[in-house]
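For reference, the structure is listed below as structure tokens.
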Amino acid sequence: MIIRTMTAEDIIAVRNMEQGLFAEDWSEHIWQQELSNEISNYLLLEEAGTVLAFAGYWLVAGEAQVTRVATSKEHQRRGLGAQLMSALVERAHQQQAFVVSLEVRESNRAARELYRKLGFREQGIRPNYYRATHENAVLMDLVVE
């Protein structure tokens, strides 16, 4: 398995992998915009050329705001998310981020537990944050040292 920077050539594989994982899938156009945005950083984890997971953030004024994290359904619960998020935090630190922040669905207990194990702390709630489901978002952050 390798973790590497996502490129435009990965968009189709990422879109195929993420289907059914999010209430709102990103279009190819949105992905192209993300990858061409100078504040965007996306990593993916692959094995034998197959994308197993990806994660990304926007780096703004020393804060890495996580935008999207996913592990393919077939490969969940194998520690891949932890590997990828650790690499994401390290990359953000190398880019002078002092904090990594994210929002996670209140009902996504597995993700919240993973983030806690990685050192993230819950900071609050954004009511009705997710448009498609009107679910609350839990705000979490990690101070990078």
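The values are calculated or read from the model by the stated rules, or taken from the named source; none is laboratory data. Just so it is clear, the model here is predicted, and its values are computed rather than measured. Note that each Cβ is placed from the backbone with ideal geometry, even for glycine, and that neighbours are counted across all protein chains shown.
May I ask you to verify whether TYR115 is under 17 Å from ALA64 (Cα atoms) and not small (Gly, Ala, Ser)? Taking the combined requirement at face value, the residue satisfies it.
Residue pairs whose Cβ atoms lie under 9 Å apart, separated by 6 or more positions or on different chains, with the first residue in region 108-133 and touching a residue at least 40 places away in the same chain (Cβ under 8 Å) and the second in a loop (DSSP other than H, G, I, E, B) and aromatic (Phe, Trp, Tyr), are ALA132/PHE22.
Scoring VAL60 on the criteria (1) surrounded by 13 or more Cβ atoms within 10 Å (Cβ to Cβ); (2) farther than 21 Å from ASP10 by Cα; (3) at pLDDT 95 or above leaves a single failure, condition (1). Quick check: is even one residue across region 118-132 closer than 20 Å to GLY20 by Cβ and assigned to a strand (DSSP E or B)? The answer is yes, given that some residue of region 118-132 is closer than 20 Å to GLY20 by Cβ and assigned to a strand (DSSP E or B). Among the residues of region 68-102, those that are at pLDDT 95 or above and in a strand (DSSP E or B) comprise VAL99, VAL100, SER101, LEU102.
For region 9-58, the set of residues classified as in contact with a helix residue (DSSP H, G or I) (Cβ under 7 Å, 6 or more places away or on another chain), charged (D, E, K, R) and more than 25 Å from SER107 (Cβ to Cβ) consists of GLU28 only. A count restricted to region 42-75 and to residues that are of a type in the set (Gly, Ala, Ser), in contact with a strand residue (DSSP E or B) (Cβ under 6 Å, 6 or more places away or on another chain) and farther than 23 Å from ASP141 by Cβ stands at 1. So which of GLU38, GLU18, GLU24, GLU34 ends up being closer than 17 Å to LEU102 by Cβ and either in contact (Cβ under 8 Å) with a residue 60 or more places away in the chain or loosely packed, with under 11 Cβ neighbours inside 10 Å (or both)? GLU24 is the lone residue from the list that is closer than 17 Å to LEU102 by Cβ and either in contact (Cβ under 8 Å) with a residue 60 or more places away in the chain or loosely packed, with under 11 Cβ neighbours inside 10 Å (or both).
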